[in-house]
Amino acid sequence: MFGLLRKKTAMPDAASALPGRADPIPTAEHHFVTGRPLAGPYPEGSATAMFGMGCFWGVERRFWQVPGVWVTMVGYAGGLTPNATYQEVCSGLTGHNEVVRLVFEPSKVSYAALLRTFWENHDPTQGMRQGNDVGTQYRSGIYCSDAEQERLARETLAAFQERLTAAGHGRITTEILPAPAFYFAEDYHQQYLAKNPGGYCGVGGMGVTCPVGTGA
């Protein structure tokens with residue numbers, strides 16, 4: 001049992017990662033709640049963001065409720081296996097994280113405000129897990145589209161760490177990386193909690209507020 005747990009919390013290397021496939025796996029075309037296209041086209045002037053905060057079902061619902069977020073989608077990113085399936089990701093042999101990719105309108109919501117939602121709605125100190133969900137797919141991550149997003153991500157990390165330290169919590173383990181390839185998750189995962197209102201959510205903060213990103 002310990003060996004299996006260690007396997008699921010250790011990132012695979014290229015030799016041990018699953019091969020995946022050349023073609024994308026089937027998924028939904030439109031957002032179940034808003035009807036907007038998941039793969040575009042998107043509004044002129046919109047921007048993208050990508051976050052990993054544990055199980056992506058509850059994370060996606062949290063972000064589609066934010067005013068100024070135009071559309072959300074869930075998928076896999078940050079690993080080695082192209083076009084992985086959910087079962088493959090759960091094996092721990094893809095290296096992928098469960099992520100939410102969102103398209104937002106900067107005139108209505110700032111990236112800093114989205115980062116505040118990120119920090120306040122999960123525990124970023126747990127390494128390769130989130131609550132009872134254990135594995136590389138549940139790690140905390142911010143995947144940046146450009147240098148400004150990375151600057152803000154690191155700025156808010158430092159500010160939130162100060163609050164966590166003052167409250168007696170540990171060090172943040174969130175990875176901050178340039179946005180990797182995004183692979184859509186299966187149809188049934190898209191907007192899962194709108195389709196299954198009583199389903200598992202998993203989103204929960206630490207009761208500590210982030211002092212950055214209060215504006216629109």
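The values are calculated or read from the model by the stated rules, or taken from the named source; none is laboratory data. Everything quoted here is computed from the prediction, not taken from an experiment. Note: ideal-geometry Cβ built from the backbone for every residue, glycine included; neighbour counts use all protein chains shown. Heavy atoms of the whole protein, side chains included, go into the accessibility calculation; ligands, DNA and RNA do not. Shrake-Rupley method; radii C 1.70, N 1.55, O 1.52, S 1.80 Å.
GNM remark for the chain: springs join alpha carbons under 10 Å apart, and the peak mean-square fluctuation among T48, T34, T81 falls on T34. Between Y200 and A39, full extension at 0.36 nm per residue minus the direct alpha carbon distance yields a gain of 55.4 nm.
When the chain is treated as a GNM with alpha-carbon contacts under 10 Å, the residue of D187, D23, D146 showing the greatest mean-square fluctuation is D23. For the chain, the share of accessible area belonging to carbon and sulfur comes to 55 percent (1.4 Å probe, ligands and nucleic acids excluded). In a reduced charge model with +1 at each Lys and Arg Cβ and -1 at each Asp and Glu Cβ, the chain shows a dipole moment near 480 debye about its Cα centre.
With all protein chains in place and ligands, DNA and RNA left out, the 1.4 Å accessible area ranks Y188, Y138 as Y188, Y138, largest first.
With an 8 Å Cα cut-off and a minimum separation of 6 or more residues, compute the relative contact order for the chain in percent. Write down the numbers at each step before the final one.
Numbers: 462 pairs, mean separation 65.5, N = 216.
Rounded, it is 30 percent for the chain.
With the helix formula -39500 (n - 2.57) applied to DSSP H stretches of n ≥ 4, the chain reaches a computed 222 nm mean residue ellipticity of -7000 deg cm²/dmol.
Rolling a 1.4 Å probe over the protein chains gives E29 an accessible area of about 140 Å². Within the listed set Q65, Q190, Q137, the Gaussian network model of the chain (springs between alpha-carbon atoms below 10 Å) gives the highest mean-square fluctuation for Q65.
Once you have the Cα-Cα distance between T125 and D187, take 0.36 nm times their residue separation minus that, and quote the gain in nm to one decimal. Provide the component values of the computation, followed by the final result.
Working: separation 62, 0.36 × 62 = 22.32 nm, distance 3.05 nm.
Stretched fully, the T125-D187 segment lengthens by 19.3 nm.
Separation of region 38-57 from region 148-200 is 13 Å, based on Cα centroids.
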